[in-house]
Structures are given as C-alpha cells and as structure tokens.
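K.L.:
Take a look at the following structure, please.
The values are calculated or read from the model by the stated rules, or taken from the named source; none is laboratory data. Since the model is a prediction, treat every value here as computed from it, not as a measurement. Cβ placement follows ideal geometry from the backbone for every residue including glycine, while neighbour counts extend to all protein chains displayed.
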C-alpha cells in the first residue's frame, strides 16, 4: 500500500512500501523533501500539518521531527514553532568546527589502531576520491569521501564520537547539496585525503591529526567563500 497526499498543484510527499517502521519511512520522506526543497528553507512545519499531508498519525511525525532536529535540519522558530533550516554561514562554520575537532582526534586514533587491512582500505578510499575528482565524477568522489571519513571515524572505537561526526556530515551534505553548486575544490580535497591516508598508514598520529585539521579548514573556507558569493549574487539580482 502506498500512502500519498496532495499538496494541491504542488509537489507530492509520498511514502513508499518498503518493510521498515512507519517512523523510518516518514523520516526519510521528510529528509528527502528538505533536500529536494519540497519543504523549502525557512518553511514552518508542525506535527498536525505534516501528519495530515502524509495521512499518518502524529506519533511517527513527532519521532521523525525529533531526528531531523538532532541532525539540525529542523530548527526552532519562536517559542513553540519549528521550521526547515536555512543555510547560513554561521551554521556551516560551527558545524565544520565540530567536524574539525572530532575528526582530527579520530585520524590520530586511526593512525595508532589501524590494522594493515584498515590502512589498505583507507588508502584505497583516498586514492578513489582523488581519481574521481580528477575526472569531475562528483558522485564517485562523494562515495569515496564518505567511505574514507566513516572508516577513520569507526577506528576511534567511540560510538558517540562516530555518531556526532555522522550527524555533522549529514547536515553539511544536505545543506550544501540543497543550496550550493557541487564540485568545488574536489581535486584539492582528494589530494588532502591521500595525505591523511598516508599519515595513518605510516602510524604517524600527529601528522594524521594535522593533515585532517588542515583538510577540514580548507573545505570550510571553500564553502564559506561560496556562501558569500551566492549571497552577494542573490542580493544583486534582487
């Protein structure tokens, strides 16, 4: 059974029929609606309103909104309201600061704890990201980038740190995929990945942390500069 709802002449929010909990389906539906701007940046959202549109009870919507708030994709709007997050330089800067602090730690830990197989996998992901970057394969780069960072985070043997890194990455990827052009600085990022992987493979914790810090700082600078250019362009058009 497929549950659908009409937004008038607007786009549809549609729940599919995969064997998962309704809460998971609602979460994934709303997540994708935010990425696709069916739920536009800054749009107010409520449990009753979304439940009505999706033709489900308020409970799975409440659970989905809680998860989206934890990711930072839904934010407080006044004392009682909620809204879809809007891209801001401040949010991006803060989230990259979280990533920098956590991922420099995980890179150092990975250098100390990685097995030969782990090192091989990290090097393979780093080289794959660079190869994809050189041919402007954005999807391939993203896959390799995600694999590399997830593998390094996993070697910290700290599920809480791993979850925080995952949440920060999900917020950034959603905001940037939704609101900014793709493909900025891919080759430089791929080269940074290789340097990080080489340091981990050498067991050099200090260099691994330093290379990761430099990498996150570089990406943060690229994204903030792009946000400023987009904001300036939009102000001129208005």
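K.L.:
Restricting to region 151-167, name every residue that is more than 12 Å from residue 193 (Cα to Cα) and surrounded by 15 or more Cβ atoms within 10 Å (Cβ to Cβ).
P.N.:
Result: 151, 153, 154, 155, 156, 158, 161, 162, 164, 165, 166, 167.
K.L.:
With the checklist (1) under 30 Å from residue 154 (Cα atoms); (2) without any contact (Cβ under 8 Å) to a residue 24 or more places away in the chain in hand, flag the one item residue 47 doesn't pass.
P.N.:
(1)
K.L.:
Exactly one of these conditions fails for residue 42: (1) surrounded by 15 or more Cβ atoms within 10 Å (Cβ to Cβ); (2) in contact with a strand residue (DSSP E or B) (Cβ under 8 Å, 6 or more places away or on another chain); (3) not in a helix (DSSP H, G or I). Give me its number.
P.N.:
(1)
K.L.:
Additional query: For residue 1, which of the numbered conditions (1) at pLDDT 90 or above; (2) loosely packed, with under 15 Cβ neighbours inside 10 Å; (3) over 25 Å from the mean Cα position of the chain (by Cα) fails to hold?
P.N.:
(1)
K.L.:
Is there a residue being in contact with a helix residue (DSSP H, G or I) (Cβ under 7 Å, 6 or more places away or on another chain), farther than 18 Å from residue 170 by Cβ and buried (at least 16 other Cβ atoms within 10 Å of the Cβ) anywhere in region 84-103?
P.N.:
No, every residue in region 84-103 fails to be in contact with a helix residue (DSSP H, G or I) (Cβ under 7 Å, 6 or more places away or on another chain), farther than 18 Å from residue 170 by Cβ and buried (at least 16 other Cβ atoms within 10 Å of the Cβ).
K.L.:
Can you name every residue in region 61-104 that is more than 19 Å from the chain's Cα centre (by Cα) and farther than 22 Å from residue 36 by Cβ?
P.N.:
Hits for region 61-104 are 62, 76, 78, 79, 80, 81.
K.L.:
I would also like to ask the following. Can you find a residue in region 197-212 that is surrounded by fewer than 16 Cβ atoms within 10 Å (Cβ to Cβ) and on the phi > 0 side of the Ramachandran plot?
P.N.:
The answer is yes; a qualifying residue exists.
K.L.:
Working only within region 131-150, note down all residues that are surrounded by 21 or more Cβ atoms within 10 Å (Cβ to Cβ) and in contact with a helix residue (DSSP H, G or I) (Cβ under 6 Å, 6 or more places away or on another chain).
P.N.:
Selection gives 132, 133, 141, 144, 145, 148.
K.L.:
Would you mind telling me which numbered condition in (1) part of a helix (DSSP H, G or I); (2) over 27 Å from residue 226 (Cα atoms) residue 145 fails?
P.N.:
(2)
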